[in-house]
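Input: a single structure, listed below in structure tokens.
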Amino acid sequence: MIRQTARRFLTAPALRRGLCSDSSRVQSAHQVFAALTKNRPVFRITKPVEVIREPSVFFKGLLRGIAQAKSRIVLSSLYLGSDEPELVSALDRALAANQALRVDILLDCLRGTRSDSRGQSSATLLAPLVRKYGDERVRVAMYHTPALNGISKRVWPQRYNETFGLQHIKAY
């Protein structure tokens, strides 16, 4: 459905109908995507959106948000990089400074438990936080695809088993 809609926007008839712009006409994003909002769920954005162009800017903002959190931190990602313990340290500092703070993390089980060359994974990075603060303050959930089960789960090695499916929500 989305692919068909996108194709419609990119065709010459769509251009003639004014659904997309050519080099002589400039349209706002609202004008371009207005047709998509008619029969699909929409949420309104009331504040200006900041486009983050560099990963380092995103990461600094994430660390700043963790430091400023008052009651909860919710992170969902494919995995946490084992070469970036700074994120886990920031969570540790925030939890130590605020006894009311709760942390919920959702990761993909296959990717989050895949070990690097040093034997580190997202799970091994986060385990000390759960031990230190308890699972009532730090909850780590690992989504495991139902497509990988039984004998296939035992046969396929790490990395290859990820072809069966991953949880890849990014919400911070």
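The values are calculated or read from the model by the stated rules, or taken from the named source; none is laboratory data. Since the structure is predicted, the reported quantities are computational estimates derived from the model, not experimental observations. For neighbour counting, all protein chains shown are included, and Cβ atoms are generated from backbone atoms with ideal geometry for every residue, glycine included. In case anyone asks, the SASA skips ligands and DNA or RNA and just uses the protein heavy atoms, side chains included. Shrake-Rupley method; radii C 1.70, N 1.55, O 1.52, S 1.80 Å.
Residue ranges 98-111, 115-128 sort as 98-111, 115-128 when ordered by packing (mean number of other C-beta atoms within 10 Å per residue, highest first). Karplus-derived 3J(HN,Hα) values for the range 33-40, using 6.51 cos²θ - 1.76 cosθ + 1.60 with θ = phi - 60°, are 9, 4, 4, 5, 7, 5, 9, 9 Hz; glycine and proline are entered as x.
Seen from Tyr172, the other residues with C-beta closer than 13 Å to its C-beta sum to a net charge of +3, counting Lys and Arg as +1 and Asp and Glu as -1. Rounded to 0.05, the FRET efficiency of the Asp83 and Glu50 pair, given R0 = 30 Å and the Cβ-Cβ distance, is 0.65. What the phi angles of the range 94-109 give under the Karplus curve with 6.51, -1.76 and 1.60, with θ = phi - 60°, is a coupling list of 5, 5, 5, 7, 9, 5, 8, 6, 10, 10, 10, 10, 10, 10, 6, 5 Hz, glycine and proline written as x.
When all protein chains stay in place and ligands, DNA and RNA are ignored, the 1.4 Å accessible-area order of Ile66, Ile52, largest first, is Ile52, Ile66. Approximating the spin labels as points 7 Å out from Cα along Cα→Cβ, the Gln68-to-Ala100 distance works out to 1.8 nm. Surface exposure of the range 37-118, expressed per residue as accessible area with a 1.4 Å probe, stands at 69 Å². Among the chymotrypsin sites (Phe, Trp or Tyr not before Pro) in the range 34-132, those located in a DSSP loop and surrounded by at most 14 other Cβ atoms within 10 Å of their own Cβ are Phe43. Amide H to amide H, with H built 1.01 Å from N, Arg102 comes under 5 Å of Arg72, Ile73, counting only residues 5 or more places away or on other chains.
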